[in-house]
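**Student:** Handing you this structure, nothing more for now.
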Amino acid sequence: MRGALSGPRVLLRRLREVMAEPISAQGRLDKIVQTIAANMVAEVCSLYVLRADGVLELFATEGLNREAVHKASLKLGQGLVGMIAAEASVLNLPDAQEHPAFSYIPGTDEEAYHSFLGVPILRAGRTLGVLVVQNRARKSYSDEEEEALQTTGMIIAEIIASGQVSGLASAQQTVLDLARPMHLEGSALSDGVGLGHVVLHEPRVVVTNFIAEDPDKEVQRLNSAIANLRLSIDDMIERGEVAHHGEHRDVLEAYRMFAYDRGWARRMEEAILRSGLSAEAAVERVQSDTRARMQRQTDPYLLERLHDFDDLTYRLLRELMGKTGKDKALPDNAIIVARTMGAAELLDYDRTRLRGLVLEEGAATSHVAIVARALSIATVGQVPNVVSLAENGDSIIVDGESGFVHLRPPGDVEQAYVTKVRFRARRQERYRQLRFKEPVTLDGTRIALNINAGLLFDLPHFDESGADGIGLFRTELQFMIASAFPKLGQQTELYSRILDGAGGRPVTFRTLDIGGDKVLPYLTRSVQEENPAMGWRALRLGLDRPVILRTQVRAILKAAAGREAKIMFPMVSTVDEYRRAREMVHRELAFLAKHNYTPPSQLKLGAMIEVPSLLFEIDELMGEVDFVSVGSNDLFQFMLAVDRGNAKVSSRFDPLSAPFMRALRVIASKSAEYGKPATLCGELAGTPLSAMALMAIGFRSISMAATSIGPVKDMIRSVNLGELRAVIEPALAGREGLPLRKLLQDFAEANDIPLN
């Protein structure tokens, strides 16, 4: 008996004819298995579909007892069919009944058949079912027959995913298809609730033409696309444009490793020549097979490479289909869904249409999360596989309070969230009523509340919040959304408009904090760093490239003519670095004075404390600065050796732990001793609970996202600070056994202090 009677190409053409026939869903499945059996000279062809309850149900058969259709079933992992589904692997056996996993399903009449070939039905690496052929004779099926059956599985996967068979499952069961409602859980990164429709950040290329009219031409198209892909990756690595895609060099090196893998290219060529697939279908076929294999690995490194492989494949598909650019145009009520994203990429989208953000990765202190909070965009991160589960246009709800994501939610869930949004609106109205009330504790201590900002559209939030000032203006955001370095005039105009909008309230400009995970695409870097977060960034970069820092300082000074100017320098490691930066400011003042420039009415210079070494020069520093600001995100990262962008470790350490609070207390104490104001402007200040801790250890000025002002002020006006300090001090001294976070929660509950 020969392999495939007419070959995979003829089988695909016959299946295409079946797909076009105006018949019922069950009739189509029946005809598909009949066509496969005839083409492969198989006595049996059976289709099992995976239901939502993890059971594989027999949906169609040619050769077995038809009475068993929608009655026979196997659990995931049970029998040969269950094992194929669980492992997403092909099983080719000359005598299936001798295999230890063989399990006979009563009523199917399958005991007469020995040879067995089963393949998983895969879509985006997810198993949707199993396709099986069998014969009485004991034999091993050929590679060509395996290829034919796997290729057929791609077409059946699209039928299942489209929902065409969803109504065929046995009573009260649903098919595991991509159209069903899904409740996903992740980590809440930015408060708020967003209802809308999915927009994939990297839109998945949908392959519609599976069949190659001219296989040789398809191979040429494939090889040309691979060559272009390799060139683009080489070019990105050579030019250092790593951050443009939000990835570090090691990711691009992984791309390059995959792109130059001859085995990868060969498998795609074979899928074209042996199965008659188009180039796009061959890429998708190899991706799905490889993804299914890699998902079974337990090595974390290999699982991370799975994401790299997915990204590379989508790049290749876009290359083949001429879709190399991104369309940032959004529909109304858009929810962006992405594996990961840089802050600049988020800013590319139209804010007026954006309602939420969902990420497979992302931690609370990642820069995209910080920007999302600044923009008041409901954001949930660490949602596994959400990119492969979602389709463009799917309805979706993002709950930035609980960390829940509802994909294709049923009507009752959607209605419940509509009610929740109305409730939030009423709560926000209560916060708005606090706008003109002072943030003073019950025992009379005033806490200055400031906002973190970075762009002009932060100003309306500033006014609405009733904040005391802008405690941190992130000047790098202007650079991140530009295609080239903003010129002196552009920077001056922005800073002037920010000061105008502040209406006399203080604005603290942080000089350019780029480097690490905020490398600008147009900034050439001669050396690639293995640990950029602790390398050439922020003030270090500004001191080494003084033109950049001098231009920015000059712009701030010109914008602040006749007004107060507050400038602080990020990532200061030593007092000497601060002195060098201060000297640069004084030189710029002298330069502008020669050109009849009106100086600021008052100039204050400060340093950000985010490198632990400054804690051991704290007295020298306080003697030099006008003020300090604490960057709690980086300080915590460096003190506890926690990569703030790595979700696997960032959640393992608590910023409210006693050791970190003791370090912050040193800064607050020295600030009071030297009379130099200290503001904490990291994400730690943005929740009522952690703001309570900061007040208790001595901070009297904190800065946060504008949306956090209301909840934090509400908390402040409900706290007796003296009583709070009496509770916290023993814990900081090591005399209290309970964790600091638990003490704060208990104190708030006992004293009816609002924490949301």
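Since every read-out is calculated from the coordinates, none of them should be taken as a lab result. The model shown is predicted, which means the values in this text are computed figures rather than measured ones. Ideal geometry is used to build each Cβ from the backbone, glycine not excepted, and the neighbour counts take in all protein chains shown.
**Student:** What does the highest-first list of 718-724, 749-755 look like by mean Cβ count within 10 Å?
**Tutor:** 718-724, 749-755
**Student:** Would you calculate, for the chain, the mean residue ellipticity at 222 nm contributed by helices, counting each DSSP H stretch of 4 or more residues as -39,500 (n - 2.57) and dividing by all residues, to the nearest 500? Write down the numbers at each step before the final one.
**Tutor:** Numbers: 27 runs with 328 residues, N = 756.
After summing the helix terms and dividing by the residues of the chain, the value is -13500 deg cm²/dmol.
**Student:** Between their Cα atoms, which of LYS75/LYS139; LYS558/LYS594; LYS420/LYS713; LYS437/LYS742; LYS31/LYS75; LYS558/LYS604 are more than 24 Å away from each other? Show your work: numbers first, answer last.
**Tutor:** Values: LYS75/LYS139 27 Å; LYS558/LYS594 13 Å; LYS420/LYS713 22 Å; LYS437/LYS742 29 Å; LYS31/LYS75 26 Å; LYS558/LYS604 15 Å.
Check vs 24 Å cut-off fails for LYS75/LYS139; LYS437/LYS742; LYS31/LYS75.
**Student:** Under 14 Å Cα to Cα from LYS217, which aspartates and glutamates show up? Leave out anything in the same chain fewer than 8 places away.
**Tutor:** Straight-line reach from LYS217, under 14 Å: GLU269, GLU270, GLU280.
**Student:** Only sites in a loop by DSSP and with at most 10 other Cβ atoms within 10 Å count here; which chymotrypsin sites (Phe, Trp or Tyr not before Pro) in the range 394-456 make the cut?
**Tutor:** On the way: sites: PHE404, TYR417, PHE423, TYR431, PHE436; in loops: PHE436.
Filter output for the range 394-456: PHE436.
**Student:** Sticking with this one: By its C-alpha gyration tensor, with a ≥ b ≥ c as the square roots of the eigenvalues, how is the range 650-713 shaped: rounded for a/c under 1.5, else prolate for a/b larger than b/c, else oblate?
**Tutor:** On the way: a/c = 2.16, a/b = 1.17, b/c = 1.84.
In terms of gyration-tensor shape, oblate.
**Student:** Now a separate question. Grab the beta carbon distance between ASP619 and ASN228, set R0 = 51 Å, and tell me the FRET efficiency rounded to 0.05.
**Tutor:** Calculated transfer efficiency: 0.30.
**Student:** Taking a label point 7 Å from the Cα of GLN26 along the Cα→Cβ vector, which residues of the range 42-60 have an amide N closer than 17 Å to it?
**Tutor:** Taking a point 7 Å out along Cα→Cβ of GLN26, the residues of the range 42-60 whose backbone N falls under 17 Å are 47-49, 57-60.
**Student:** Which FRET efficiency, nearest 0.05, do ALA265 and ARG13 yield, Cβ-Cβ r, R0 41 Å? It would help to have the intermediate numbers written out before the result.
**Tutor:** Values: r = 26 Å, r/R0 = 0.64.
After rounding, the FRET efficiency stands at 0.95.
**Student:** Note the full-extension length gain between ALA726 and ASP350 as 0.36 nm times their separation in residues minus their Cα-Cα distance, in nm to one decimal. Intermediate values should be presented prior to the final figure.
**Tutor:** On the way: separation 376, 0.36 × 376 = 135.36 nm, distance 4.81 nm.
The span from ALA726 to ASP350 would gain 130.5 nm if fully extended.
**Student:** Under 8 Å for C-alpha pairs, at least 6 residues apart: give me the relative contact order for the chain, rounded to a whole percent. Numbers along the way, then the final one.
**Tutor:** Working: 1462 pairs, mean separation 78.1, N = 756.
Once normalised by length, the contact order is 10 percent.
**Student:** In the range 407-455, which trypsin sites (Lys or Arg not before Pro) are in a loop and have at most 14 other Cβ atoms within 10 Å, using DSSP for the loop call? Don't skip to the end; give the middle numbers.
**Tutor:** Working: sites: LYS420, ARG422, ARG424, ARG426, ARG427, ARG430, ARG432, ARG435, LYS437, ARG446; in loops: ARG435, LYS437.
Within the range 407-455, the qualifying trypsin sites (Lys or Arg not before Pro) (loop, at most 14 other Cβ atoms within 10 Å) are ARG435, LYS437.
**Student:** Could you work out the equivalent-ellipsoid semi-axes for the range 606-756, taking the square root of 5 times each eigenvalue of the Cα gyration tensor, largest first, in whole Å?
**Tutor:** On the way: eigenvalues 108, 66, 51 Å².
So the three semi-axes of the range 606-756 are 23, 18, 16 Å.
**Student:** Between rounded, prolate and oblate, where does the range 1-95 land on the alpha carbon gyration tensor, with a ≥ b ≥ c its root eigenvalues, rounded for a/c under 1.5, else prolate if a/b exceeds b/c?
**Tutor:** Numbers: a/c = 1.87, a/b = 1.28, b/c = 1.47.
Since a/c reaches 1.5 but b/c is at least a/b, the shape of the range 1-95 is classed as oblate.
**Student:** Rounded to the nearest 5, what is the percent of antiparallel bridges among the DSSP beta bridges in the chain?
**Tutor:** Working: 47 of 87 bridges.
In the chain, DSSP labels about 55 percent of beta bridges as antiparallel.
**Student:** Let me know the Rg and Dmax you get for the chain when you use only its Cα atoms, in Å.
**Tutor:** Final numbers for Rg and Dmax: 30.7, 100 Å.
**Student:** Follow-up. Need the full-extension length gain, SER657 to VAL418, defined as separation in residues times 0.36 nm minus the C-alpha distance. One decimal, nm. Mind dumping the intermediate values first?
**Tutor:** Values: separation 239, 0.36 × 239 = 86.04 nm, distance 3.72 nm.
In short, 82.3 nm is gained.
**Student:** I'd like the trypsin sites (Lys or Arg not before Pro) in the range 671-756 restricted to DSSP loop residues with at most 10 other Cβ atoms within 10 Å, sorted by number. Numbers along the way, then the final one.
**Tutor:** Values: sites: ARG700, LYS713, ARG717, ARG725, ARG735, ARG741, LYS742; in loops: ARG700, ARG717, ARG735.
Listed in order of number, the matching sites are ARG735.
**Student:** Hey, with R₀ at 35 Å, roughly what FRET efficiency would SER162 and SER103 work out to, going by the Cβ-Cβ distance, to 0.05?
**Tutor:** With R0 = 35 Å, the Cβ-Cβ based efficiency is 0.70.
**Student:** Please express the Cα-Cα pair-distance distribution P(r) of the range 7-161 as a list of whole percents, one per 10 Å bin, running from 0 to the bin with the greatest distance.
**Tutor:** Final binned percentages: 12, 46, 36, 6, 0.
**Student:** Return one number: the angle in degrees, 0 to 90 and rounded to the nearest 10, between the long axis of the Cα atoms of helix 7-20 and the longest principal axis of the Cα atoms of the chain.
**Tutor:** With rounding to tens, the tilt is 80 degrees.
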